[in-house]
Amino acid sequence: MKKVKGKVAIAAMCVVLCWAYSPIGIHLGLASYSPGQLALLRFIVASLFMAMVAMFLGVQMPKVKDIPLLFTLGFFAVALHHIALNFGQRGMSAGAASVLAQSTPIFTVIIARCVLKERTTVWRWCCVLGGMIGALIVVMGDKGLGNFSLNGLLILVAACSWSVYFILQKRYSQRYSTLTMVCYTVWTGTVILLVFSPGLLTSMLNSSALVSLAVLLLGIFPSALAYVAWAYVLSYSEVSKVSVVLYLIPPTAMVMAAFILGESPSVLVLLGGGMVILSVLAMSLEKP
């Protein structure tokens, strides 16, 4: 039992490190690729990696009637999410982007109430309000109060897109195993991203070795390995308990960005980021 707990802890920390690297890898990759090309190349690598995982662990064959659903999951989790993320991060620091990307639970509550008509408590609405105020402070404080841009709002669109994926995946998860859902989500999302293939080969040939390595790591670790590790963690732990470790991602990303990119987050980014994380954490700790 202790060995299993130890492996779960290692897998959870692996997830934190992988997803904390994501905004840093995006920042480096955008030096040679357009936002669309970067998303496509990242998930070509991820698709190949997941294909190797599927060969060893096995995945279920999809039913024909579920193919539209799988493409919908791929659209929201991969295509829309990462296109919005890449475009948004062109004008934001990696640390601030990592904070905004963790606002997904806030949008999940809003969508669940407004679209699915699920009951939402006053406590959750207060958490949503606090989180949105924090996100606005991050957007305004990242480049200074006088340099407000839409880049941060695009990252919030990415977080909202991930919320839609999370709700859909949760509602239909009983049809397939977690690994199967992850594989088909990555593969279908990559197919959708093929619209950005023109010029990709030229960009690859003109890319530096450092950028190529950054994108390779981006495709393997945050886009593929982290999902496999997270599926392993969830198979041995309760979601409500283990999800708390995900709040370590923004501070970890900020530390990594300071060492790798030389970024130093402003006071407003730290303040707004703290509000976002505390709001999401308070929401997750609410008793049912």
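Take the residues in segment 244-288 that are among the hydroxyl-bearing types (Ser, Thr, Tyr) and open to solvent by 20 Å² or more (accessible area, probe 1.4 Å), then tell me which one is modelled with the lowest pLDDT.
Within segment 244-288, the subset among the hydroxyl-bearing types (Ser, Thr, Tyr) is 247, 252, 264, 266, 279, 284.
With the extra rule that they be open to solvent by 20 Å² or more (accessible area, probe 1.4 Å), the set shrinks to 247, 252, 264, 266, 284.
Working: 247: 73, 252: 83, 264: 78, 266: 74, 284: 65.
Among them, the one singled out is 284.
Open to solvent by less than 50 Å² (accessible area, probe 1.4 Å), assigned to a helix (DSSP H, G or I) and not polar (S, T, N, Q): does that describe residue 191? Reasoning before the result, please.
Values: open to solvent by less than 50 Å² (accessible area, probe 1.4 Å): no; assigned to a helix (DSSP H, G or I): yes; not polar (S, T, N, Q): yes.
The answer is no for residue 191.
Let's see how each residue does on (1) part of a loop (DSSP other than H, G, I, E, B); (2) open to solvent by less than 70 Å² (accessible area, probe 1.4 Å); (3) closer than 30 Å to residue 271 by Cα:
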{"residue": "152", "(1), (2), (3)": "no, yes, yes"}
{"residue": "155", "(1), (2), (3)": "no, yes, yes"}
{"residue": "164", "(1), (2), (3)": "no, yes, yes"}
{"residue": "170", "(1), (2), (3)": "no, no, no"}
{"residue": "179", "(1), (2), (3)": "no, yes, no"}
{"residue": "198", "(1), (2), (3)": "yes, no, no"}
{"residue": "220", "(1), (2), (3)": "no, yes, no"}
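Looking only at segment 200-218, count how many residues are open to solvent by 50 Å² or more (accessible area, probe 1.4 Å) and not polar (S, T, N, Q).
Qualifying residue count, segment 200-218: 8.
The values are calculated or read from the model by the stated rules, or taken from the named source; none is laboratory data. This structure is a prediction, so every number in the text was calculated from the model and none was measured. SASA here: full protein model, heavy atoms, side chains in, ligands and nucleic acids out. Shrake-Rupley method; radii C 1.70, N 1.55, O 1.52, S 1.80 Å.
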